[in-house]
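Novice: Take a look at this one; I'll ask things after.
The values are calculated or read from the model by the stated rules, or taken from the named source; none is laboratory data. Remember, predicted model here, so these are calculated numbers, not experimental data. Glycine also receives a Cβ, built like all others from the backbone with ideal geometry; neighbour counts cover every protein chain displayed.
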Amino acid sequence: MLIDQSDILNRLHPSSVICPITMDIKDGVSILRVNLNKGTGGLKSESAIMIDQVRAIADAVFKQYDF
């Protein structure tokens, strides 16, 4: 997932804005996806940021995972 948030919101708001990342690359949806090459940011395969699936996730959810 890509976290897209300013430091101000990190301090003041209990959630973060994210865009999911998928390995299911689709043709013809380039306006809605940003393709990423294998190796970018440690990705193990070609992937795409799904900018059409922006979400707010509670920060407490992130504490459940070790990133």
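Novice: Suppose we keep only residues that are out of contact with any strand residue (DSSP E or B) (no Cβ under 7 Å at 6 or more places or on another chain) and among the acidic types (Asp, Glu) within the range 1-25. Which one would you say is modelled with the highest pLDDT?
Specialist: Top of the filtered list is 24.
Novice: Separate question: Assess whether residue 8 counts as being among the hydrophobic types (A, V, I, L, M, F, W, C), more than 13 Å from the chain's Cα centre (by Cα) and exposed (fewer than 12 other Cβ atoms within 10 Å of the Cβ).
Specialist: yes
Novice: Give 45, 16 a once-over and let me know the one that is out of contact with any Pro (no Cβ under 6 Å at 6 or more places or on another chain), surrounded by 12 or more Cβ atoms within 10 Å (Cβ to Cβ), hydroxyl-bearing (Ser, Thr, Tyr) and touching a residue at least 12 places away in the same chain (Cβ under 8 Å).
Specialist: Testing whether each residue is out of contact with any Pro (no Cβ under 6 Å at 6 or more places or on another chain), surrounded by 12 or more Cβ atoms within 10 Å (Cβ to Cβ), hydroxyl-bearing (Ser, Thr, Tyr) and touching a residue at least 12 places away in the same chain (Cβ under 8 Å) leaves just 16.
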